[in-house]
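See structure below.
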Amino acid sequence: MDKQEPVIIVEDLCKAFGNNVVLDHFNLTLYKGENLVVLGKSGSGKSVLIKCIIGLLRPDSGRIEVLGQSVPDLDYHELDQLRAKVGFLFQSNALYDSMTVRENLEFPLRRHWLQVEQKEVDQMVEEVLENVGLAHTVNMMPAELSGGMRKRIALARTLILKPAIILYDEPTTGLDPITGMEIIELIKEVQHKYQTSALVISHDLVLARVASERIAMLIDGKCYTTGTFAELKASTDPNLQAFFN
């Protein structure tokens, strides 16, 4: 991991909905090749943070820089181009129920108007499905898949554009412990195979322990502290002990 090369920089990010202050001068840096988990309680603002980073929500103030570009300053076309380099795994998976697995995976290629021959598209679909262990599902419909399989297909759809960064929104929520652990291991495999940088928002301590190089604690709208799982778990700070003990 190259600590010298940040791929996401968040500085003094503020976001409120009416009188509800969700992010209060939040600061965070994701480095190239790093898996960073943002850990916080449900409703703490984790999803708001990730939506601000990808440009789905506009911050009230602060700086958000992704791959050297200031996200709030991008127009629609520029934002679209940036999103082709940043994969976003939605908590709901966001697969299209009326499309087969193949059609779901081809969709990002069509959406970004990539000039790719059908033979190459077929190879790309085959490769990402093999990398998530689901090559046999290519002609299946989402309704025929288990929750864990749908999560894997959603990740495969993210990987097909070979993004530099992947944003994971609560990737283990709603999964049983065994399937959840399979997804956690897959997050690590993806980092190794694709050399991605990943920002994972979660309240899952197992995910934070297994998949992260660093953890950022989101408490009261701020980045309360960062550190490794072992460092944060060993802390005597009552705010951290409430999470880790």
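Values computed for the structure shown
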quantity	calculated
Residues Ser42 and Phe107, FRET efficiency given R0 of 25 Å [Cβ-Cβ distance, rounded to 0.05]	0.25
Count, lysine Cα pairs under 16 Å in the stretch 1-132, 8 or more residues apart or across chains	5
Relative exposure of Leu23, Leu36, judged by other C-beta atoms within 10 Å (fewest first)	Leu36, Leu23
Neighbour-count order for His203, His77, fewest beta carbons within 10 angstrom listed first	His77, His203
Residue order, fewest to most surrounding Cβ atoms within 10 angstrom, among Cys52, Cys14, Cys223	Cys14, Cys223, Cys52
Label zone at Val21, where the point sits 7 Å out along the Cα-to-Cβ direction: the stretch 53-68 residues whose backbone N lies under 16 Å	60-62
Distance between the stretch 37-62 and the stretch 188-235 - C-alpha centres, whole angstrom	15
Distance (nanometres) between label positions extended 7 Å along Cα→Cβ at Ser146 and Ala234	3.8
Chain lengthening between Glu185 and Gln81 when straightened (0.36 nm per residue, less Cα-Cα)	34.5 nm
FRET efficiency, Glu5 to Ser98 (Cβ-Cβ, R0 51 Å, nearest 0.05)	0.80
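Bear in mind that the values in this text are calculations on the coordinates, not laboratory data. If you're wondering where the values come from, they're calculated on a predicted model, not measured in any experiment. Methodologically, a virtual Cβ is constructed for each residue, glycine included, from the backbone with ideal geometry; neighbour enumeration extends over all protein chains shown.
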